[in-house]
Amino acid sequence: MQLFNLKRTAMVAMLLGSQLLSNVALAEDAQFWLNDGAASLNDSKKLVPNARKAKNVILFVGDGMGISTVTGARIFEGQLKGVDGERNKLSFEEFPYVALSKTYSTNQQTSDSAPTMTAIISGVKTNDGIISLNQSVARNEPNKNVINANKVTTLLEQAEQAGKVTGVVSTARITHATPAATYAHISNRDWEANANLTPAAVSGGVKDIAAQLIDNFGAGKIGDGVDVVFGGGRSYFLPNTITDIEGTKGRRTDGRNLPQEYVTKFGGVYVENKTGFDAINPATATKVLGLFNPSHMEYEQDRPNDIAGEPSLADMTGKAIDILKKNQNGFFLMVEGGRIDHASHAGNAYRTFKDAVALSDAVREAVSKVNLNDTLIIVTADHSHTLTIGGYPKRGNPILGKVVEPGKTTPTLAADGKPYTTVSFANGPGYHTNSPGDAVYNESIAAGRVVDMSGVDTEDPDFHQEALVPLSSETHAGEEVAIYAIGPKSYLVHGVQEQSYIYQVMKDAFGF
């Protein structure tokens, strides 16, 4: 059964076609909009719900990718390509089913990535800082027996138990909250290496997140190990007696070399740069661990300058799918655009948008490699950020530029007589001092706005947008985020749902 009354090739062409928008300005008049709406309605009438069981499920998480970030990234991508940014679409915005996800956790109105990803991957909401445990566990709980008694089962673990192959891909550290929630269970998201554990946790027998990637799987446990792991966080897996390919020492004080253990225990291969990544042959590879940075991988803007060389998120996604789809039982793959979140914490909208576009590219790559009749793809975010798009800029005004209103050629001035940008943050490091000698990128916290930005290039990749409230790091935001879906059971993505509902859709699609 097909989602649309179209051949699959036409469907894929539609999903891949947002980058092919014409540079020719459309003749927009009343009839144009009536025709546009009628065409969209006609497409909607062709939707046929796909109720088949899914062989594969791919979950994309844009960490911190709120709706305003999606809007900004859509315009940003279009403008970079010289097309109509407002009518541009990111790849996943072509998906037929969309819903809203309520992102609060059990103890926070505005939550962090640990409980939100726990809800997405296990169907159970929990407290801040907690990874794949229920809400009865206190943060920093040091007793392994308490932790073990309150684990929640993740979709990745269910897939392993069902004989499917699994993968985890992220531009953040693989031990960071979002990827960690797929395979680890711990009472503090910061316990990424054994050196991060408290003395009480060590005494209580708690295992750090990195160790759990090895120790939670294998004979007598769950499945036979995560089959493809691509991301950052190499230093959390290496002993402090080893210096890695980029000159950084490992963080582990227990002497364990976890990449070596992965290879020995699961029969896999380990790579740590783009050269090694490119050498992986998907036709023969079965178990692969790739750790491409001592900490988080580079922002997409900075990736070309990485010391050892890093694959893109689209590269990692494509290769992961090529390796996993050989399995006749199907696969589960989680892909995170982790650094969307980090750029917003830094108050840097350019990198926020560019990493969101990189996630869109990864989704497009996935669509090109799977059969949408048997593969459910869900794209969502764990939470939002305080990024806002405001003022009354004219159509086509640079999304990262100063507000210029329709009919005007010079920036609109605020009540203090200074121009302001379309994109800003409600809080964060962009709250600058008001001294003429201060650099625009100064992250100091003091009273006042940035001195007159008339001569400042706000579209520069290193520009940090202004913020209303001074904080050293911008915070998450608490409004709903979107869920986009295509493939088997994607029609179940509708309405306004608790974030934990996403798990239920994926679980039902697999038939678990």
In Å², and per residue, what accessible area does the chain have when probed at 1.4 Å with the other protein chains present?
38 Å²
With the crude spin-label approximation of a point 7 Å out along Cα→Cβ, what separation in nm comes out for Asp254 versus Arg87?
5.8 nm
If packing is taken as the average count of other Cβ atoms within 10 Å, what order do 254-263, 349-358, 228-237 fall into, highest mean first?
228-237, 349-358, 254-263
Given a Förster distance of 35 Å, the FRET efficiency implied by the Cβ-Cβ spacing of Asp43 and Ile307, rounded to the nearest 0.05, works out to 0.15
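Per 0.36 nm of contour for each residue apart, how much would the distance between Ser454 and Glu498 grow if the chain were fully extended, relative to their Cα-Cα spacing?
Details: separation 44, 0.36 × 44 = 15.84 nm, distance 4.42 nm.
Between Ser454 and Glu498, full extension yields an extra 11.4 nm.
I'd like the FRET efficiency for Asn145 and Glu479, computed as 1/(1 + (r/R0)^6) with the beta carbon distance as r and R0 of 41 Å, rounded to 0.05.
On the way: r = 38 Å, r/R0 = 0.93.
Once the sixth-power term is evaluated, E becomes 0.60.
Is there a pair in Lys46/Lys489; Lys207/Lys319; Lys125/Lys489 whose C-alpha atoms are over 25 Å apart, and which pairs would that be?
Numbers: Lys46/Lys489 16 Å; Lys207/Lys319 30 Å; Lys125/Lys489 23 Å.
Flagged as over cut-off: Lys207/Lys319.
Which order, highest average first, do 312-318, 133-139 follow once you tally other Cβ atoms within 10 Å for each residue and take the mean per peptide?
On the way: 312-318: 22.4, 133-139: 17.9.
Taking the mean over residues of other Cβ atoms within 10 Å, the ranking is 312-318, 133-139.
Pop the C-beta distance of Ile245 and Thr410 into the FRET formula with R0 = 60 Å and round what comes out to the nearest 0.05.
Numbers: r = 51 Å, r/R0 = 0.84.
Efficiency at R0 = 60 Å is approximately 0.75.
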In deg cm²/dmol, rounded to 500, what helix-only [θ] at 222 nm does the chain give when every DSSP H run of at least 4 residues adds -39500 (n - 2.57) and the total is split over its residues?
-8500 deg cm²/dmol
Ignoring ligands, DNA and RNA, what percent of the accessible area of the chain is carbon or sulfur (1.4 Å)?
52 percent
Sorted largest first, extent of the stretch 315-358 alpha carbons per principal axis (Å):
45, 15, 10
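Arrange the peptides 64-72, 487-495 so that the one whose residues have, on average, the most other Cβ atoms within 10 Å appears first. Let's see the in-between values first.
On the way: 64-72: 24.3, 487-495: 21.6.
For the peptides 64-72, 487-495, the packing ranking is 64-72, 487-495.
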Amide N proximity, the stretch 45-75 versus Lys102 label position 7 Å along Cα-to-Cβ, cut-off under 20 Å:
66-67
Mean separation of Cα contacts under 8 Å (at least 6 apart) over the residue count of the chain, i.e. the relative contact order in percent, is 23 percent
Of the options Ser101, Gly330, Gly495, report the single residue whose Cα projects farthest towards the positive end of the charge dipole of the chain (beta-carbon charges: Lys, Arg +1; Asp, Glu -1).
Gly330
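The values are calculated or read from the model by the stated rules, or taken from the named source; none is laboratory data. Quantities reported herein were computed from a predicted structural model and do not represent experimental measurements. Backbone-built Cβ (ideal geometry, glycine too); neighbour counts: all protein chains shown. To get the accessible areas, we keep the full protein, side chains included, count just its heavy atoms, and leave off ligands, DNA and RNA. Shrake-Rupley method; radii C 1.70, N 1.55, O 1.52, S 1.80 Å.
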